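Q: Can you read through this structure? Questions will come right after.
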Amino acid sequence: MPEHEPVFRNVAEIDAIKAIAASGSDRPVLMLNLNRYTAEAGYPDGDLYRQYMSALTKVLPNVGGKVLWQSPVHGQPVGEQPVDEVLAAWYPSHQAFLDLPNATDAEENFRLRRLIVEYAVIHRCDGELAPLGGE
């Protein structure tokens with residue numbers, strides 16, 4: 001089974017995240033993931049997809065993060081890059097987001113991600129209002 005890698009990493013945005021993390025005024029961040037899955041993933045009920053979600057929900061707490069919500073995408077009235085799912089991941093800081101690849105259990109999460117995510121677009125959003133529910 002082939003592994004898929006992100007097509008584009010926005011180096012300027014990664015640098016901006018690093019600058020915020022190092023600024024002394026780091027703050028919570030919400031990463032809005034727009035994911036398109038491979039056929040092998042079997043989204044939404046496939047074994048690989050379920051393994052990935054399990055790994056993701058296991059690793060995020062290791063940096064203080066959590067999945068706030070996720071939703072299947074049923075259509076796309078505007079745009080040309082279809083996605084299967086929107087997933088909102090909250091982090092207590094930009095540094096926590098940067099720490100994710102080196103967190104306990106991250107290796108399995110990223111291995112599965114490479115297997116099932118055909119492509120993803122991740123938007124950095126204000127995390128001050130999250131997590132929902134006053135937590």
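The values are calculated or read from the model by the stated rules, or taken from the named source; none is laboratory data. Source: prediction; values computed, not measured. As a convention, Cβ positions derive from the backbone with ideal geometry for all residues, glycine included, and neighbour counts pool all protein chains shown.
Q: Just name the residue that is surrounded by the fewest Cβ atoms within 10 Å (Cβ to Cβ) out of those in segment 69-114 that are at negative phi and among the acidic types (Asp, Glu).
A: Among them, the one singled out is Glu80.
Q: Looking at segment 23-55 only, could you name the residues that are within 16 Å of Pro92 (Cα to Cα), of a type outside the set (Val, Ile, Thr) and in contact with a helix residue (DSSP H, G or I) (Cβ under 8 Å, 6 or more places away or on another chain)? Full working, then the answer.
A: Here is the first cut: in segment 23-55, the ones within 16 Å of Pro92 (Cα to Cα) are 23-32.
Pick out the ones that are also of a type outside the set (Val, Ile, Thr) and you get 23-28, 30-32.
Across segment 23-55, the qualifying residues are Asp26, Arg27, Met31.
Q: Which of the residues belonging to segment 99-124 are among the aliphatic types (A, V, I, L, M) and under 21 Å from Ile14 (Cα atoms)?
A: Within segment 99-124, the first condition is being among the aliphatic types (A, V, I, L, M), and the residues that meet it are 100, 103, 106, 112, 115-117, 120-122.
Those that are among the aliphatic types (A, V, I, L, M) and under 21 Å from Ile14 (Cα atoms): Leu100, Ala103, Ala106, Val117, Ala120, Val121, Ile122.
Q: Tell me, please, whether a residue that is within 15 Å of the chain's Cα centre (by Cα) and assigned to a helix (DSSP H, G or I) can be found in segment 71-94.
A: As a first pass, look at segment 71-94 and keep what is within 15 Å of the chain's Cα centre (by Cα): 71-72, 83-94.
Restricting the remaining residues to those that are assigned to a helix (DSSP H, G or I) gives 94.
Within segment 71-94, one or more residues are within 15 Å of the chain's Cα centre (by Cα) and assigned to a helix (DSSP H, G or I).
Q: In addition: Would you call Arg124 within 23 Å of Asp47 (Cβ to Cβ), of a type in the set (Lys, Arg) and at pLDDT 95 or above?
A: On the way: within 23 Å of Asp47 (Cβ to Cβ): no; of a type in the set (Lys, Arg): yes; at pLDDT 95 or above: yes.
Taking the combined requirement at face value, the residue does not satisfy it.
Q: Okay, next question. Of all residues being in contact (Cβ under 8 Å) with a residue 40 or more places away in the chain and charged (D, E, K, R) in segment 72-97, which is farthest from Ala22 (Cα to Cα)? Just the residue, please.
A: If we take residues in segment 72-97 being in contact (Cβ under 8 Å) with a residue 40 or more places away in the chain and charged (D, E, K, R), then Asp84 is farthest from Ala22 (Cα to Cα).
Q: Can you tell me which residue in segment 115-128 is farthest from the chain's Cα centre (by Cα), limited to those that are exposed (fewer than 14 other Cβ atoms within 10 Å of the Cβ) and outside any loop (DSSP other than H, G, I, E, B)? First the steps, then the outcome.
A: We begin by selecting, within segment 115-128, every residue exposed (fewer than 14 other Cβ atoms within 10 Å of the Cβ); these are 123, 126, 128.
Still in the list and also outside any loop (DSSP other than H, G, I, E, B): 123, 126.
On the way: His123: 9, Asp126: 15 Å.
Step by step, filter segment 115-128, then rank; the result is Asp126.
Q: Looking only at segment 38-54, decide whether some residue is touching a residue at least 40 places away in the same chain (Cβ under 8 Å), of a type outside the set (Asp, Glu) and under 16 Å from Cys125 (Cα atoms).
A: Checked against the condition, which is being touching a residue at least 40 places away in the same chain (Cβ under 8 Å), of a type outside the set (Asp, Glu) and under 16 Å from Cys125 (Cα atoms), segment 38-54 yields no hits at all.
Q: Taking segment 22-59 as the search range and keeping residues that are surrounded by fewer than 16 Cβ atoms within 10 Å (Cβ to Cβ) and among the aliphatic types (A, V, I, L, M), which one is farthest from the chain's Cα centre (by Cα)?
A: Ala22
Q: Could you check segment 72-101 and list, in sequence order, the residues that are over 24 Å from Ala41 (Cα atoms) and among the polar types (S, T, N, Q)? If you could, list the steps in order and put the result at the bottom.
A: Step one: list which residues in segment 72-101 are over 24 Å from Ala41 (Cα atoms), which gives 77-78, 91-99.
Residues satisfying the conditions are Ser93, Gln95.
Q: Another question, then. Return yes when Leu32 is at pLDDT 95 or above and either within 18 Å of Ile122 (Cα to Cα) or in a loop (DSSP other than H, G, I, E, B) (or both) and no when it is not.
A: Details: at pLDDT 95 or above: yes; either within 18 Å of Ile122 (Cα to Cα) or in a loop (DSSP other than H, G, I, E, B) (or both): yes.
Answer is yes for this residue.
Q: Does Leu98 count as within 17 Å of Met31 (Cα to Cα), of a type in the set (A, V, I, L, M, F, W, C) and either in contact with a Cys (Cβ under 6 Å, 6 or more places away or on another chain) or at pLDDT 95 or above (or both)? Don't jump to the end; show me each part of the working.
A: Details: within 17 Å of Met31 (Cα to Cα): yes; of a type in the set (A, V, I, L, M, F, W, C): yes; either in contact with a Cys (Cβ under 6 Å, 6 or more places away or on another chain) or at pLDDT 95 or above (or both): yes.
Answer is yes for this residue.
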